[in-house]
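Chemist: Got a structure for you, written out below as structure tokens; questions coming shortly.
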Amino acid sequence: MRGEKGTKVVSDTIQDVNQALHNVGMAVWVGGTTFGRFAHNPSLRRISSRSERGAVANAAWNGFNRINAASLAAVATGHVAGRLTELRDANLSARERPLVRAMDVFTAVGAITGALSAVQGARLARQAPGGAVPVETGSRPAADTPAGARRIQRSIDVLGAVNLLSGVGLVASTGLFWRSAVSRPPLRRALRRRARR
């Protein structure tokens with residue numbers, strides 16, 4: 001199928017699957033990171049041994065990083081696919097354009113900080129056998145945390161905060177965009193949709 005000015009029109013089924021994967025990816029990314037940061041990490045204080053805290057934190061986060069990588073890939077792929085089709089600037093109203101550009105930024109920052117967090121998490125786990133680096137919590141080093149591990153853990157904490165904020169920003173800007181698209185659809189886009197039916 002060809003749309004306006006010879007551009008290819010992607011089927012609604014493909015767009016629907018893309019949007020569903022994108023939204024599930026956002027949910028896993030933001031939900032998992034929020035749980036880890038505000039529930040899992042502080043709860044490690046319940047473990048008396050600081051090195052065991054490190055082993056548990058590293059096992060948990062490195063396990064989640066695999067799932068999170070898939071989620072971030074779904075978000076990034078979904079967003080790029082959308083930008084090449086229905087979210088092209090030509091299809092957007094003046095009100096929607098800045099929201100989609102914010103989505104561009106949040107997606108890029110989330111993907112980059114997520115990847116860097118995973119790399120740093122793997123590095124931290126290698127600082128002691130079995131990932132048993134002594135830590136105070138999942139995000140705070142202890143007095144006996146080695147200097148190298150301390151630096152890595154602090155970088156993970158900063159990257160994690162930026163990653164979570166970018167995820168929340170993406171959820172918010174995506175929600176505002178879809179509300180705008182439904183409540184005030186640009187006439188050109190509405191006419192193009194009718195022509196495809």
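Chemist: What's the number of the only condition in (1) over 19 Å from the mean Cα position of the chain (by Cα); (2) under 24 Å from Asn68 (Cα atoms); (3) not β-branched (Val, Ile, Thr) that Ser180 fails to meet?
Modeler: If we test Ser180 against (1) over 19 Å from the mean Cα position of the chain (by Cα); (2) under 24 Å from Asn68 (Cα atoms); (3) not β-branched (Val, Ile, Thr), just (2) comes out false.
Chemist: Here is a list: Leu170, Leu176, Leu164, Leu159. Which entry is within 28 Å of Gly31 (Cβ to Cβ) and either outside any helix (DSSP H, G or I) or modelled with pLDDT under 95 (or both)?
Modeler: Selected residue: Leu176, the only one of Leu170, Leu176, Leu164, Leu159 that is within 28 Å of Gly31 (Cβ to Cβ) and either outside any helix (DSSP H, G or I) or modelled with pLDDT under 95 (or both).
Chemist: Please list, ordered by first then second residue, the pairs with beta carbon atoms under 7 Å, 6 or more apart or interchain, first in the stretch 124-149 and farther than 25 Å from Thr34 by Cα and in contact (Cβ under 8 Å) with a residue 12 or more places away in the chain, second surrounded by fewer than 22 Cβ atoms within 10 Å (Cβ to Cβ) and among the basic types (Lys, Arg).
Modeler: Asp144/Arg50
Chemist: For Ser93, all conditions in the list (1) in contact (Cβ under 8 Å) with a residue 40 or more places away in the chain; (2) part of a helix (DSSP H, G or I); (3) over 23 Å from Ile156 (Cβ atoms); (4) not charged (D, E, K, R) hold save one; what is the number of the exception?
Modeler: For Ser93, the exception is condition (2).
Chemist: Just name the residue that is farthest from Ser173 (Cα to Cα) out of those in the stretch 100-144 that are part of a helix (DSSP H, G or I) and over 17 Å from the mean Cα position of the chain (by Cα).
Modeler: By that ranking, first place goes to Pro129.
Chemist: Scanning for something under 16 Å from the mean Cα position of the chain (by Cα), within 26 Å of Met26 (Cβ to Cβ), of a type in the set (Ser, Thr, Tyr) and assigned to a helix (DSSP H, G or I), does the stretch 62-78 turn up at least one residue?
Modeler: The answer is yes, given that some residue of the stretch 62-78 is under 16 Å from the mean Cα position of the chain (by Cα), within 26 Å of Met26 (Cβ to Cβ), of a type in the set (Ser, Thr, Tyr) and assigned to a helix (DSSP H, G or I).
Chemist: Does the stretch 42-90 hold any residues that are touching a residue at least 40 places away in the same chain (Cβ under 8 Å) and aromatic (Phe, Trp, Tyr), and which are they?
Modeler: Once the filter is applied, which keeps residues that are touching a residue at least 40 places away in the same chain (Cβ under 8 Å) and aromatic (Phe, Trp, Tyr), the stretch 42-90 yields only Trp61.
Chemist: Would you mind telling me which numbered condition in (1) of a type outside the set (S, T, N, Q); (2) modelled with pLDDT of 95 or more; (3) over 21 Å from Val182 (Cβ atoms) Ala102 fails?
Modeler: Among (1) of a type outside the set (S, T, N, Q); (2) modelled with pLDDT of 95 or more; (3) over 21 Å from Val182 (Cβ atoms), Ala102 violates only (3).
Chemist: Are any residues in the stretch 112-133 surrounded by fewer than 20 Cβ atoms within 10 Å (Cβ to Cβ) and within 15 Å of Val158 (Cα to Cα), and if so, which ones?
Modeler: Across the stretch 112-133, the qualifying residues are Ile112, Ala115, Leu116, Val119.
Chemist: Another question, then. Identify, please: which residue in the stretch 125-153 is touching a strand residue (DSSP E or B) at 6+ places or on another chain (Cβ under 7 Å) and not small (Gly, Ala, Ser) and is, among those, farthest from Ser71 (Cα to Cα)?
Modeler: Per the stated criteria, the residue is Thr145.
The values are calculated or read from the model by the stated rules, or taken from the named source; none is laboratory data. The shown structure was predicted, so the numbers you read here are calculated from the model rather than taken from an experiment. Heads up, the Cβs are rebuilt from the backbone with ideal geometry, glycines too, and the neighbour counts pull from every protein chain shown.
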